[in-house]
1. Residue by residue through the range 32-52, note down the ones that are under 15 Å from Ala186 (Cα atoms) and either in a strand (DSSP E or B) or not assigned by TED's automatic domain parsing to the domain that holds Glu144 (or both).
2. Limited to the range 397-424, what total is found for residues that are more than 20 Å from Lys308 (Cα to Cα) and not basic (Lys, Arg)?
3. Please enumerate the residues belonging to the range 227-251 that are under 18 Å from Ala437 (Cα atoms) and outside any helix (DSSP H, G or I).
4. Name, by its number, the condition in (1) closer than 30 Å to Glu26 by Cα; (2) touching a residue at least 40 places away in the same chain (Cβ under 8 Å) that does not hold for Ile242.
5. Taking the criterion of being closer than 30 Å to Leu431 by Cβ, of a type in the set (Ser, Thr, Tyr) and crowded, with 20+ Cβ neighbours inside 10 Å, would at least one residue in the range 204-211 satisfy it?
6. Please specify each residue of the range 53-101 satisfying the condition of being of a type outside the set (Lys, Arg), farther than 28 Å from Asn152 by Cβ and outside any strand (DSSP E or B).
7. Only one of these is over 21 Å from Thr81 (Cα atoms), surrounded by 22 or more Cβ atoms within 10 Å (Cβ to Cβ), of a type in the set (Ser, Thr, Tyr) and out of contact with any Cys (no Cβ under 9 Å at 6 or more places or on another chain): Ser243, Ser214, Ser300, Ser275. Name it.
Amino acid sequence: MSVSASNLLFGQPVHETHPHLLAAGELTPGITAQEYHERRAALCHSLPPDSAVILPSSSIQNRSGAVFYPFRQESNFLYLTGFSEPDSLAVLRRTGDELGDYTFHLYCRPKDARAEQWNGPWSGIDAARDVWNADEAGDIGRVENLLSSALNGVKKIFTDGELTKYGVPTKFGNLIRSTAPGVNAAPLRPHVNILRAIKSPAEITNMRRAGRESGRALTEAMRRPWRYEKELAAFLEYQYQISGLDGQAYIPVVAGGPKALLIHYVLNNGILNESEFVLVDAGGEYGTYITDITRTWPNSGKFSQPQKDLYNAVLRAQRSSISLCRASANVTLDKLHQITENALRDQLKQLGFDTSGDAMSVLFPHHVGHYVGLDVHDVPGYPRNLILKDGHCITIEPGIYVPDDERWPKAFRGLGIRIEDSVCVGDDNPLILTTEAVKEVDDIEALRS
(Lines give C-alpha, C1' and ligand atoms only; values in the text may rest on other atoms or scores of the structure.)
Protein backbone atom coordinates (compact mmCIF):
# COMPACT_ATOMS: atom_id res chain seq x y z
CA MET A 1 0.00 0.00 0.00
CA SER A 2 1.44 3.39 -1.02
CA VAL A 3 1.30 6.30 1.41
CA SER A 4 1.25 9.92 0.28
CA ALA A 5 4.35 11.86 1.29
CA SER A 6 2.06 14.47 2.83
CA ASN A 7 1.06 11.89 5.45
CA LEU A 8 4.65 11.00 6.39
CA LEU A 9 6.98 12.61 8.90
CA PHE A 10 10.43 13.83 7.89
CA GLY A 11 13.33 15.28 9.81
CA GLN A 12 12.98 18.61 8.02
CA PRO A 13 10.30 20.35 5.95
CA VAL A 14 9.57 19.00 2.48
CA HIS A 15 7.11 20.44 -0.02
CA GLU A 16 4.48 17.75 0.54
CA THR A 17 4.30 18.36 4.31
CA HIS A 18 5.17 22.08 4.38
CA PRO A 19 3.85 23.70 1.18
CA HIS A 20 3.72 27.01 3.06
CA LEU A 21 7.54 26.88 3.37
CA LEU A 22 8.74 25.07 0.25
CA ALA A 23 7.65 25.31 -3.37
CA ALA A 24 7.47 22.20 -5.52
CA GLY A 25 10.98 21.09 -6.45
CA GLU A 26 12.67 22.84 -3.53
CA LEU A 27 14.68 20.92 -0.95
CA THR A 28 15.25 23.97 1.24
CA PRO A 29 13.49 27.34 1.00
CA GLY A 30 14.29 28.90 -2.36
CA ILE A 31 16.81 26.24 -3.44
CA THR A 32 15.73 23.47 -5.80
CA ALA A 33 16.93 19.88 -6.04
CA GLN A 34 18.28 20.81 -9.48
CA GLU A 35 20.49 23.52 -8.00
CA TYR A 36 21.86 21.12 -5.40
CA HIS A 37 22.69 18.68 -8.20
CA GLU A 38 24.44 21.43 -10.17
CA ARG A 39 26.55 22.33 -7.13
CA ARG A 40 27.65 18.72 -6.67
CA ALA A 41 28.36 18.37 -10.37
CA ALA A 42 30.46 21.55 -10.48
CA LEU A 43 32.47 20.54 -7.42
CA CYS A 44 33.23 17.03 -8.67
CA HIS A 45 34.14 18.36 -12.13
CA SER A 46 36.70 20.70 -10.50
CA LEU A 47 38.48 17.86 -8.68
CA PRO A 48 41.03 15.37 -10.06
CA PRO A 49 39.93 12.08 -11.65
CA ASP A 50 39.38 9.18 -9.26
CA SER A 51 38.71 11.49 -6.34
CA ALA A 52 35.97 11.54 -3.72
CA VAL A 53 34.47 14.08 -1.35
CA ILE A 54 33.51 12.99 2.17
CA LEU A 55 31.22 15.24 4.21
CA PRO A 56 30.41 14.39 7.82
CA SER A 57 27.32 16.09 9.20
CA SER A 58 27.26 18.30 12.26
CA SER A 59 26.47 16.75 15.60
CA ILE A 60 23.85 17.82 18.10
CA GLN A 61 25.50 20.17 20.61
CA ASN A 62 24.44 20.10 24.23
CA ARG A 63 23.95 23.36 26.08
CA SER A 64 23.99 21.76 29.50
CA GLY A 65 23.19 18.23 30.59
CA ALA A 66 20.34 16.90 28.48
CA VAL A 67 19.44 20.37 27.14
CA PHE A 68 20.61 20.79 23.55
CA TYR A 69 20.96 23.63 21.06
CA PRO A 70 18.81 23.71 17.90
CA PHE A 71 20.55 21.61 15.27
CA ARG A 72 22.46 23.45 12.55
CA GLN A 73 23.92 21.45 9.68
CA GLU A 74 27.56 21.89 8.68
CA SER A 75 27.51 24.54 5.98
CA ASN A 76 29.29 22.68 3.18
CA PHE A 77 27.21 19.55 3.85
CA LEU A 78 24.06 21.64 3.60
CA TYR A 79 25.28 23.54 0.52
CA LEU A 80 25.90 20.30 -1.40
CA THR A 81 22.98 18.15 -0.25
CA GLY A 82 20.17 20.21 1.32
CA PHE A 83 19.95 17.45 3.95
CA SER A 84 19.74 18.85 7.46
CA GLU A 85 20.00 15.97 9.92
CA PRO A 86 22.74 14.83 12.31
CA ASP A 87 24.34 11.36 12.25
CA SER A 88 24.81 11.51 8.49
CA LEU A 89 27.63 11.17 6.00
CA ALA A 90 27.64 12.25 2.35
CA VAL A 91 30.06 10.98 -0.26
CA LEU A 92 30.51 12.38 -3.76
CA ARG A 93 32.49 10.24 -6.18
CA ARG A 94 33.79 11.63 -9.47
CA THR A 95 33.11 8.99 -12.11
CA GLY A 96 34.10 10.59 -15.41
CA ASP A 97 35.30 13.64 -17.28
CA GLU A 98 31.95 15.18 -18.23
CA LEU A 99 30.07 17.68 -16.08
CA GLY A 100 27.59 15.62 -14.10
CA ASP A 101 29.74 12.48 -13.97
CA TYR A 102 29.49 11.74 -10.26
CA THR A 103 27.62 9.56 -7.80
CA PHE A 104 26.05 10.80 -4.58
CA HIS A 105 25.98 8.50 -1.55
CA LEU A 106 24.05 9.50 1.58
CA TYR A 107 24.25 7.49 4.78
CA CYS A 108 21.80 8.39 7.53
CA ARG A 109 19.59 6.97 10.29
CA PRO A 110 16.97 4.42 9.21
CA LYS A 111 13.41 5.05 10.31
CA ASP A 112 12.81 3.93 13.91
CA ALA A 113 9.30 4.51 15.24
CA ARG A 114 10.23 3.96 18.89
CA ALA A 115 13.24 6.27 18.84
CA GLU A 116 11.35 8.91 16.87
CA GLN A 117 8.53 8.87 19.44
CA TRP A 118 11.04 10.23 21.95
CA ASN A 119 13.27 12.37 19.76
CA GLY A 120 11.05 13.57 16.94
CA PRO A 121 10.98 12.39 13.33
CA TRP A 122 13.84 11.86 10.97
CA SER A 123 13.72 11.18 7.28
CA GLY A 124 15.21 7.73 6.81
CA ILE A 125 17.04 5.89 4.06
CA ASP A 126 14.21 5.75 1.51
CA ALA A 127 13.78 9.53 1.72
CA ALA A 128 17.54 10.02 1.28
CA ARG A 129 17.12 8.31 -2.07
CA ASP A 130 13.66 9.47 -3.11
CA VAL A 131 13.61 13.05 -1.81
CA TRP A 132 17.27 14.07 -1.59
CA ASN A 133 18.18 12.17 -4.78
CA ALA A 134 21.05 10.09 -3.46
CA ASP A 135 22.22 7.51 -6.01
CA GLU A 136 23.04 5.21 -3.12
CA ALA A 137 21.63 5.46 0.40
CA GLY A 138 22.35 3.39 3.47
CA ASP A 139 22.29 2.97 7.22
CA ILE A 140 24.83 5.17 8.98
CA GLY A 141 25.24 2.32 11.47
CA ARG A 142 26.75 0.20 8.66
CA VAL A 143 28.85 3.01 7.23
CA GLU A 144 32.19 1.21 7.45
CA ASN A 145 31.06 -1.59 5.15
CA LEU A 146 29.21 0.77 2.81
CA LEU A 147 32.04 3.29 2.61
CA SER A 148 34.62 0.67 1.64
CA SER A 149 32.59 -0.09 -1.48
CA ALA A 150 31.93 3.58 -2.29
CA LEU A 151 35.63 4.46 -2.06
CA ASN A 152 36.96 1.46 -3.97
CA GLY A 153 39.52 2.69 -6.50
CA VAL A 154 39.65 6.26 -5.14
CA LYS A 155 43.09 7.85 -5.34
CA LYS A 156 42.44 11.08 -3.40
CA ILE A 157 39.92 12.13 -0.78
CA PHE A 158 38.80 15.70 -0.11
CA THR A 159 37.32 16.34 3.31
CA ASP A 160 37.22 18.84 6.14
CA GLY A 161 36.28 16.20 8.70
CA GLU A 162 38.61 16.11 11.68
CA LEU A 163 41.07 13.25 11.09
CA THR A 164 43.16 13.75 14.22
CA LYS A 165 42.80 15.60 17.52
CA TYR A 166 45.73 16.33 19.79
CA GLY A 167 47.79 14.05 17.56
CA VAL A 168 45.44 11.09 18.03
CA PRO A 169 43.22 9.74 15.21
CA THR A 170 39.55 10.58 15.63
CA LYS A 171 36.69 8.18 15.06
CA PHE A 172 36.22 9.79 11.64
CA GLY A 173 39.94 9.54 10.92
CA ASN A 174 39.96 5.86 11.77
CA LEU A 175 36.93 5.35 9.52
CA ILE A 176 38.76 6.89 6.57
CA ARG A 177 41.92 4.91 7.22
CA SER A 178 40.04 1.61 7.44
CA THR A 179 37.86 2.15 4.38
CA ALA A 180 40.45 3.80 2.11
CA PRO A 181 43.85 2.60 3.34
CA GLY A 182 46.80 4.49 1.92
CA VAL A 183 44.67 7.14 0.19
CA ASN A 184 45.82 10.70 0.80
CA ALA A 185 43.33 13.26 2.15
CA ALA A 186 43.32 16.96 1.28
CA PRO A 187 41.26 19.93 2.53
CA LEU A 188 37.90 20.31 0.81
CA ARG A 189 37.08 23.87 1.92
CA PRO A 190 39.15 25.79 -0.68
CA HIS A 191 37.35 23.99 -3.51
CA VAL A 192 33.86 24.54 -2.10
CA ASN A 193 34.66 28.16 -1.24
CA ILE A 194 35.18 28.95 -4.91
CA LEU A 195 31.62 27.80 -5.61
CA ARG A 196 30.00 29.26 -2.49
CA ALA A 197 31.61 32.69 -2.86
CA ILE A 198 29.64 33.48 -6.03
CA LYS A 199 25.95 33.45 -5.16
CA SER A 200 23.30 32.13 -7.53
CA PRO A 201 20.15 34.15 -8.27
CA ALA A 202 18.21 31.89 -5.87
CA GLU A 203 20.72 32.48 -3.08
CA ILE A 204 20.59 36.23 -3.64
CA THR A 205 16.79 36.11 -3.52
CA ASN A 206 16.95 34.37 -0.13
CA MET A 207 19.46 36.90 1.19
CA ARG A 208 17.38 39.77 -0.13
CA ARG A 209 14.35 38.45 1.72
CA ALA A 210 16.38 38.10 4.92
CA GLY A 211 17.72 41.62 4.44
CA ARG A 212 14.34 43.14 3.66
CA GLU A 213 12.61 41.75 6.73
CA SER A 214 15.59 42.33 9.01
CA GLY A 215 15.84 45.91 7.80
CA ARG A 216 12.16 46.52 8.40
CA ALA A 217 12.50 45.15 11.94
CA LEU A 218 15.36 47.55 12.68
CA THR A 219 13.46 50.51 11.27
CA GLU A 220 10.46 49.57 13.38
CA ALA A 221 12.70 49.42 16.45
CA MET A 222 13.89 52.98 15.80
CA ARG A 223 10.35 54.33 16.11
CA ARG A 224 10.34 54.28 19.91
CA PRO A 225 12.72 54.71 22.86
CA TRP A 226 13.92 51.58 24.65
CA ARG A 227 14.63 51.16 28.34
CA TYR A 228 16.54 47.88 28.30
CA GLU A 229 18.88 46.24 25.82
CA LYS A 230 17.23 42.84 26.27
CA GLU A 231 13.80 44.22 25.36
CA LEU A 232 15.14 45.60 22.11
CA ALA A 233 16.89 42.29 21.33
CA ALA A 234 13.67 40.35 22.04
CA PHE A 235 11.64 42.73 19.87
CA LEU A 236 13.91 42.13 16.89
CA GLU A 237 13.81 38.35 17.20
CA TYR A 238 10.02 38.44 17.44
CA GLN A 239 9.83 40.59 14.32
CA TYR A 240 12.00 38.12 12.40
CA GLN A 241 9.71 35.25 13.33
CA ILE A 242 6.40 36.91 12.47
CA SER A 243 7.77 38.21 9.16
CA GLY A 244 8.45 34.67 7.93
CA LEU A 245 12.18 34.46 8.62
CA ASP A 246 13.70 31.44 10.35
CA GLY A 247 14.85 33.51 13.34
CA GLN A 248 17.99 35.41 14.22
CA ALA A 249 21.11 34.65 12.22
CA TYR A 250 23.50 35.27 15.10
CA ILE A 251 23.56 36.53 18.67
CA PRO A 252 22.93 40.27 18.25
CA VAL A 253 24.87 43.19 19.62
CA VAL A 254 22.56 45.61 21.42
CA ALA A 255 24.92 48.12 22.98
CA GLY A 256 23.89 51.28 24.77
CA GLY A 257 26.20 54.28 25.14
CA PRO A 258 29.92 53.54 25.60
CA LYS A 259 29.35 49.78 25.35
CA ALA A 260 29.20 50.38 21.61
CA LEU A 261 33.00 50.62 21.77
CA LEU A 262 33.03 46.86 22.49
CA ILE A 263 32.88 45.42 18.97
CA HIS A 264 31.18 42.14 19.90
CA TYR A 265 29.29 43.09 23.05
CA VAL A 266 26.53 40.47 23.30
CA LEU A 267 25.52 40.53 26.97
CA ASN A 268 22.56 42.73 26.04
CA ASN A 269 21.50 43.16 29.66
CA GLY A 270 22.08 46.85 30.31
CA ILE A 271 19.96 49.98 30.63
CA LEU A 272 19.51 52.23 27.61
CA ASN A 273 19.70 55.91 28.46
CA GLU A 274 17.67 58.36 26.43
CA SER A 275 20.59 60.72 25.75
CA GLU A 276 22.88 58.02 24.36
CA PHE A 277 23.37 56.14 21.14
CA VAL A 278 22.23 52.54 20.81
CA LEU A 279 24.25 50.38 18.41
CA VAL A 280 22.51 47.27 17.10
CA ASP A 281 24.27 44.62 15.01
CA ALA A 282 21.54 42.10 14.21
CA GLY A 283 19.99 40.18 11.36
CA GLY A 284 17.63 37.35 10.58
CA GLU A 285 18.05 34.37 8.27
CA TYR A 286 15.90 32.76 5.61
CA GLY A 287 16.55 29.28 4.30
CA THR A 288 19.77 29.38 6.36
CA TYR A 289 20.98 32.40 4.33
CA ILE A 290 21.74 35.50 6.35
CA THR A 291 22.18 39.19 6.03
CA ASP A 292 24.28 41.22 8.43
CA ILE A 293 23.17 44.73 9.43
CA THR A 294 24.33 47.34 11.94
CA ARG A 295 22.56 50.56 12.72
CA THR A 296 23.33 53.22 15.30
CA TRP A 297 20.77 55.77 16.41
CA PRO A 298 20.01 58.07 19.36
CA ASN A 299 17.64 56.39 21.79
CA SER A 300 15.85 59.73 22.13
CA GLY A 301 15.18 59.82 18.39
CA LYS A 302 17.01 63.13 18.03
CA PHE A 303 20.72 63.49 17.26
CA SER A 304 22.81 65.92 19.29
CA GLN A 305 25.18 67.98 17.16
CA PRO A 306 28.29 65.90 18.03
CA GLN A 307 26.36 62.68 17.44
CA LYS A 308 25.17 63.96 14.08
CA ASP A 309 28.62 65.14 12.99
CA LEU A 310 30.38 61.89 13.81
CA TYR A 311 27.53 59.77 12.45
CA ASN A 312 27.53 61.59 9.11
CA ALA A 313 31.30 61.16 8.88
CA VAL A 314 30.86 57.38 9.07
CA LEU A 315 27.84 57.42 6.76
CA ARG A 316 29.66 59.36 4.03
CA ALA A 317 32.51 56.85 4.05
CA GLN A 318 30.06 53.95 3.95
CA ARG A 319 28.05 55.32 1.05
CA SER A 320 31.21 55.96 -0.94
CA SER A 321 32.50 52.42 -0.42
CA ILE A 322 29.15 50.82 -1.23
CA SER A 323 29.16 52.64 -4.57
CA LEU A 324 32.33 50.70 -5.46
CA CYS A 325 30.72 47.28 -4.87
CA ARG A 326 30.55 46.50 -8.57
CA ALA A 327 32.69 44.37 -10.82
CA SER A 328 33.52 47.33 -13.05
CA ALA A 329 35.28 49.05 -10.13
CA ASN A 330 37.94 46.28 -10.15
CA VAL A 331 38.45 46.38 -6.37
CA THR A 332 39.06 43.83 -3.63
CA LEU A 333 37.73 43.81 -0.08
CA ASP A 334 41.19 44.79 1.11
CA LYS A 335 41.24 47.71 -1.34
CA LEU A 336 37.80 48.79 -0.13
CA HIS A 337 39.15 48.76 3.41
CA GLN A 338 41.99 51.11 2.43
CA ILE A 339 39.57 53.40 0.60
CA THR A 340 37.20 53.44 3.59
CA GLU A 341 39.95 54.13 6.10
CA ASN A 342 41.23 57.04 4.00
CA ALA A 343 37.72 58.46 3.76
CA LEU A 344 37.21 58.17 7.51
CA ARG A 345 40.57 59.81 8.15
CA ASP A 346 39.61 62.80 5.98
CA GLN A 347 36.24 63.12 7.71
CA LEU A 348 37.77 62.91 11.19
CA LYS A 349 40.36 65.57 10.42
CA GLN A 350 37.54 67.95 9.55
CA LEU A 351 36.05 67.27 13.00
CA GLY A 352 39.29 68.12 14.76
CA PHE A 353 40.74 64.64 15.31
CA ASP A 354 44.49 64.12 15.28
CA THR A 355 44.80 61.09 12.97
CA SER A 356 48.58 60.73 13.14
CA GLY A 357 50.39 57.63 14.39
CA ASP A 358 48.17 54.72 15.34
CA ALA A 359 45.01 56.83 15.52
CA MET A 360 43.10 54.99 12.81
CA SER A 361 43.86 51.55 14.23
CA VAL A 362 42.43 52.78 17.54
CA LEU A 363 39.37 54.50 16.10
CA PHE A 364 38.66 51.97 13.31
CA PRO A 365 40.11 48.67 14.57
CA HIS A 366 38.32 46.17 12.31
CA HIS A 367 38.16 45.39 8.61
CA VAL A 368 35.52 47.16 6.55
CA GLY A 369 33.87 43.96 5.45
CA HIS A 370 33.60 40.22 5.04
CA TYR A 371 31.77 37.76 2.80
CA VAL A 372 28.21 36.76 3.76
CA GLY A 373 25.97 33.87 2.74
CA LEU A 374 25.18 30.63 4.56
CA ASP A 375 27.46 31.87 7.33
CA VAL A 376 27.76 35.33 8.81
CA HIS A 377 31.48 35.26 8.02
CA ASP A 378 31.03 33.19 4.90
CA VAL A 379 33.53 30.98 3.05
CA PRO A 380 36.15 30.97 5.84
CA GLY A 381 39.64 31.15 4.39
CA TYR A 382 38.50 32.71 1.11
CA PRO A 383 40.90 35.61 0.49
CA ARG A 384 39.97 39.28 0.80
CA ASN A 385 42.54 40.22 -1.85
CA LEU A 386 40.58 38.80 -4.80
CA ILE A 387 38.88 41.13 -7.27
CA LEU A 388 35.17 41.33 -6.45
CA LYS A 389 32.97 39.84 -9.16
CA ASP A 390 29.28 39.74 -10.00
CA GLY A 391 27.67 37.53 -7.36
CA HIS A 392 30.07 38.14 -4.51
CA CYS A 393 28.10 39.17 -1.40
CA ILE A 394 29.89 41.19 1.26
CA THR A 395 29.35 43.60 4.10
CA ILE A 396 30.43 47.24 4.17
CA GLU A 397 30.67 48.26 7.83
CA PRO A 398 32.85 51.26 8.71
CA GLY A 399 32.87 52.22 12.35
CA ILE A 400 34.38 54.82 14.63
CA TYR A 401 34.86 54.05 18.33
CA VAL A 402 36.17 56.99 20.34
CA PRO A 403 37.79 56.11 23.69
CA ASP A 404 37.02 58.35 26.64
CA ASP A 405 40.45 59.93 27.00
CA GLU A 406 42.10 63.28 26.34
CA ARG A 407 43.67 62.23 23.06
CA TRP A 408 40.35 62.81 21.28
CA PRO A 409 38.04 65.84 20.94
CA LYS A 410 35.91 66.09 24.08
CA ALA A 411 32.56 66.29 22.30
CA PHE A 412 33.03 62.84 20.73
CA ARG A 413 34.53 60.86 23.60
CA GLY A 414 32.70 57.64 24.41
CA LEU A 415 30.77 57.56 21.13
CA GLY A 416 30.69 54.33 19.15
CA ILE A 417 29.13 54.23 15.68
CA ARG A 418 28.99 51.46 13.11
CA ILE A 419 26.85 51.45 9.96
CA GLU A 420 26.71 48.13 8.12
CA ASP A 421 24.86 46.86 5.08
CA SER A 422 25.04 43.55 3.24
CA VAL A 423 25.69 44.15 -0.46
CA CYS A 424 25.70 41.91 -3.50
CA VAL A 425 28.25 42.92 -6.13
CA GLY A 426 26.80 43.53 -9.59
CA ASP A 427 28.52 44.14 -12.90
CA ASP A 428 27.86 47.89 -12.87
CA ASN A 429 25.75 48.51 -9.76
CA PRO A 430 25.66 47.19 -6.20
CA LEU A 431 22.53 45.52 -4.86
CA ILE A 432 22.05 46.61 -1.26
CA LEU A 433 20.32 43.68 0.43
CA THR A 434 19.41 45.60 3.60
CA THR A 435 18.11 48.89 2.28
CA GLU A 436 14.90 48.82 4.37
CA ALA A 437 16.93 49.67 7.48
CA VAL A 438 16.93 53.48 7.36
CA LYS A 439 20.23 55.24 8.00
CA GLU A 440 19.98 58.89 6.94
CA VAL A 441 19.79 61.28 9.89
CA ASP A 442 16.62 62.95 8.63
CA ASP A 443 14.92 59.60 8.05
CA ILE A 444 15.80 58.30 11.52
CA GLU A 445 14.53 61.47 13.20
CA ALA A 446 11.37 61.45 11.08
CA LEU A 447 10.38 58.08 12.54
CA ARG A 448 9.46 59.80 15.82
CA SER A 449 7.56 62.72 14.31
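1. In the first step, residues of the range 32-52 are kept if they are under 15 Å from Ala186 (Cα atoms); the result is 43-44, 46-52.
Answer for the range 32-52, where residues must be under 15 Å from Ala186 (Cα atoms) and either in a strand (DSSP E or B) or not assigned by TED's automatic domain parsing to the domain that holds Glu144 (or both): Ser51, Ala52.
2. Residues in the range 397-424 being more than 20 Å from Lys308 (Cα to Cα) and not basic (Lys, Arg): 5 in total.
3. Ser243, Gly244, Leu245, Gly247, Gln248, Ala249, Tyr250
4. Failing condition for Ile242: (2).
5. No, that holds for no residue.
6. Restricting attention to the range 53-101, the residues satisfying the condition of being of a type outside the set (Lys, Arg) are 53-62, 64-71, 73-92, 95-101.
This time we only want the ones that are farther than 28 Å from Asn152 by Cβ, so: 60-62, 64-71, 75, 84.
The answer is Ile60, Gln61, Gly65, Ala66, Tyr69, Pro70, Phe71, Ser75, Ser84.
7. It is Ser214.
Quick grid of which residues meet (1) of a type in the set (Asp, Glu); (2) without any contact (Cβ under 8 Å) to a residue 60 or more places away in the chain; (3) out of contact with any Cys (no Cβ under 6 Å at 6 or more places or on another chain); (4) crowded, with 19+ Cβ neighbours inside 10 Å:
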| residue | (1), (2), (3), (4) |
| --- | --- |
| His37 | no, no, yes, no |
| Arg40 | no, no, yes, yes |
| Ser58 | no, yes, yes, no |
| Ala66 | no, yes, yes, no |
| Pro70 | no, yes, yes, no |
| Thr81 | no, yes, yes, yes |
| Ser88 | no, yes, no, yes |
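The values are calculated or read from the model by the stated rules, or taken from the named source; none is laboratory data. All values derive from a computational prediction rather than experimental measurement. Reconstructed Cβ throughout: ideal geometry from the backbone, glycine too, with neighbour counts over all protein chains shown.
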